[in-house]
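To start, the structure itself, in structure tokens.
Nothing in this text is a laboratory measurement; each read-out follows from the coordinates by a stated rule. Treat the numbers as computed from the prediction; the structure is a model and nothing was measured. All Cβ positions, even for glycine, are placed from backbone atoms using ideal geometry, and neighbour counts span all protein chains on display.
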Amino acid sequence: LSDRGASVFRNGDIAGAEQPLRAALALLDDKSLDDLGTLLGVRENLGMVLTSLGRFDEAIPLLRANADSTRQLFGDRHPNLANALHQLASALRQSGDGAAAIPVFREALGLYEHNFGRDHNYVAVTLTGLAQSLSAEGNHEEAIAALLKAEDIYSRTLGPLHAHTVIATIALADARLSSGDSVGAEDGFRAALSAFARIGDGRHIYAEAARLGLGKALSAQHRCAEAEQPLTEARARFEGEFGANDRRSIETATVLIHCLVEQGKRDQARQLFEASERAVNDSRHDMARQRSRLESLRAELDG
């Protein structure tokens, strides 16, 4: 059951991975401590699934308990602890709690460097998560420096056209956009989309993140006519993959609403606004930030 869940997740069926992993977890709950290593693996995989589905209220307690148990079983310097901490930090970051994620990422980074050296891919992926958290907290300079290092590690060890390298490029473009450099961000997002097309993976889910980023960068430059297509494509993919009330779907919709208003397409914008408002109201997760963004868009629509 555990292997099936992990395999389904790797093959892209995120929602389909939950049931076998929960079934495996239920079987292990009644087992002895001899199965603790297996239990930790199932918890980690289920936590990754729940994080990907945006169900952070379920994912974070599970991953926090998993990190605590991993520390007890393996000690403070083991690479398994680095993995558990990284998954917890990733869930915290994606939930919007960058401040809580930063120290967890820093501990995971130190453990990866201790166990594998400073040029390992695990170091690069942790630098990426740390940088995204730093950027969310307004520390753009350190974030960009960390992402340049991560991109360099990936490029040297995996090559410039590897998916991990391209994902680092997207994260770097995001950080530049957050710092106010929309032109530099646009270049990064376009480079990422070009790379995904060259490696035959133009429908990678991170390609949609690049399309969303490109739309945001163009919108920041008041080039909304150009932004509409990548935003529309990204929204359709996010909704198809994760549902209309997923945070990625709603974020993309809010940027698109702004661009429609700026182009004078108020009827389309209002229809999308009403659909997004329903999606937020129907969500079982914390949507405070999304509600706030929609309220500001309501003023644009009524202006």
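Here is a list of conditions, (1) within 20 Å of the chain's Cα centre (by Cα); (2) in a helix (DSSP H, G or I); (3) surrounded by 20 or more Cβ atoms within 10 Å (Cβ to Cβ); (4) not hydroxyl-bearing (Ser, Thr, Tyr), and Val42 meets all of them except one; can you say which number that is? Failed condition: (1). Of the helices (runs of 4 or more DSSP H) that lie entirely inside the range 156-259, those containing 1 or more residues that are of a type in the set (Phe, Trp, Tyr) span 182-198, 205-220, 224-242.
Pairs meeting the criteria (first residue in the range 270-281 and on the phi > 0 side of the Ramachandran plot, second residue charged (D, E, K, R) and in a helix (DSSP H, G or I), beta carbons under 6 Å, at least 6 apart or on different chains) are lacking. Taken over the range 95-144, residues that are part of a loop (DSSP other than H, G, I, E, B) and either under 24 Å from Glu251 (Cβ atoms) or touching a residue at least 60 places away in the same chain (Cβ under 8 Å) (or both) amount to 6. Checked against (1) aliphatic (A, V, I, L, M); (2) within 24 Å of Ala163 (Cα to Cα); (3) buried (at least 20 other Cβ atoms within 10 Å of the Cβ), Leu81 meets all criteria but (2). Could you list, in sequence order, all residues of the range 95-110 that are touching a helix residue (DSSP H, G or I) at 6+ places or on another chain (Cβ under 7 Å) and of a type in the set (A, V, I, L, M, F, W, C)? Result: Ala100, Ala101, Ile102, Val104, Phe105, Ala108, Leu109.
Can you find, within the range 261-295, the residue that is surrounded by the fewest Cβ atoms within 10 Å (Cβ to Cβ) among those that are basic (Lys, Arg) and either within 21 Å of the chain's Cα centre (by Cα) or outside any helix (DSSP H, G or I) (or both)?
To start, the set of residues in the range 261-295 that are basic (Lys, Arg) comprises 265-266, 270, 278, 284, 289, 291, 293.
With either within 21 Å of the chain's Cα centre (by Cα) or outside any helix (DSSP H, G or I) (or both) added as a condition, the list becomes 265, 284, 289, 291, 293.
Values: Lys265: 16, Arg284: 9, Arg289: 12, Arg291: 14, Arg293: 20.
Filtering first and then ranking leaves Arg284.
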